[in-house]
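The structure under discussion appears below in the form of structure tokens.
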Amino acid sequence: RLELQQVTGFPDSEFDLALNTALDQEMLIALMPDQYMAASTYHRLVSHIEATLREYHAAYPLRIGMPKEEIRRRVDLKNKIFAAILERETLFLVEDDTVRLKDHEIHFTNEQQTRINQLTELMDSFTPPSRLQACEIVGEDVLYALIERGDIVQIQPDLILSRRVYEHMLAGVLEIIDKQGAVDVKTLRDYFNTSRKYAIGLLEYLDRLGVTRRVGDVRIRGAKV
């Protein structure tokens, strides 16, 4: 606001009226409190972001969105301005660390859906296929989309679980902790009749999330339960 007044040269007595007039006539955009942008510049930036996202969606149709930091660098905007534009424009949807156009949806081909159904059956287990094996069934792009969408949870670089199995195992971990005070790898392995590899992988994943906390060879409830 101060910089704008200095650039325009309006005295204090006239600046507020001039500013409100410019806003009313949509010559200026109030991007943030006391920060304004020429409407022409703002719309040019919005168009640039939209075009960049459409190009990304066309190149990667099975990805939910474009990494937020990547698109910010592409359009060369400061963090605060970029965040303000994304918050203001309903054209864009921000989900975690990604941005997508509101009208972008993932669509699988019939062949891809058949392979997804095949994988889904195999994933309904406490010892499911590895990430590499799943990739061989549905392909890297489809598997990436399923992980992004939350249908599959990647607990380790090569260990994955279906969402249903993951949530069931998570509930089991917390139930064991509540009943016994803690859970160890062997108890979890036997409880679900799974492999040691998956028991360790799940507990390490839950440690990273803060759901569990490691104390020696056992886990107790973490701070984020």
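No value in this document is a laboratory result; all are computed from the given coordinates. All values reported here derive from a predicted model rather than from experimental measurement. Here Cβ is always computed from backbone atoms with ideal geometry, including for glycine, and neighbour counts include all displayed protein chains.
The region of the chain that goes longest without hitting one of the trypsin sites (Lys or Arg not before Pro) in a DSSP loop, each with at most 11 other Cβ atoms within 10 Å, is 103-223.
Only alpha carbons enter this Debye calculation for region 66-140, each as an equal point scatterer, and the log10 of I(q)/I(0) it gives at q = 0.13, 0.17, 0.19 Å⁻¹ is -0.62, -0.77, -0.81. Pairs of lysine residues in the chain that meet both criteria, 8 or more places apart or on different chains and Cα atoms under 26 Å apart, total 11. A simple charge model with +1 on the Cβ of Lys and Arg, -1 on the Cβ of Asp and Glu and nothing else charged puts the dipole of the chain at about 960 debye relative to its Cα centre. Dividing the helix sum by the residues of the chain, where each DSSP H run of 4 or more adds -39500 (n - 2.57), gives a mean residue ellipticity at 222 nm of -18000 deg cm²/dmol. Listing SER162, SER40, SER195 from fewest to most neighbouring C-beta atoms within 10 Å gives SER40, SER195, SER162.
Just so you know, the averaged projected area of the alpha carbon convex hull for the chain sits at 17.3 nm².
Close amide H pairs (under 5 Å, H built 1.01 Å from N) link ILE160 with ARG131, ILE155, residues at least 5 positions away or on another chain.
Modelled this way, with points 7 Å down the Cα-to-C-beta line, the labels at ASP190 and ALA39 are 7.3 nm from one another.
As a ratio to 2.2 N^0.38 Å, the alpha-carbon radius of gyration computed for region 110-225 takes the value 1.10.
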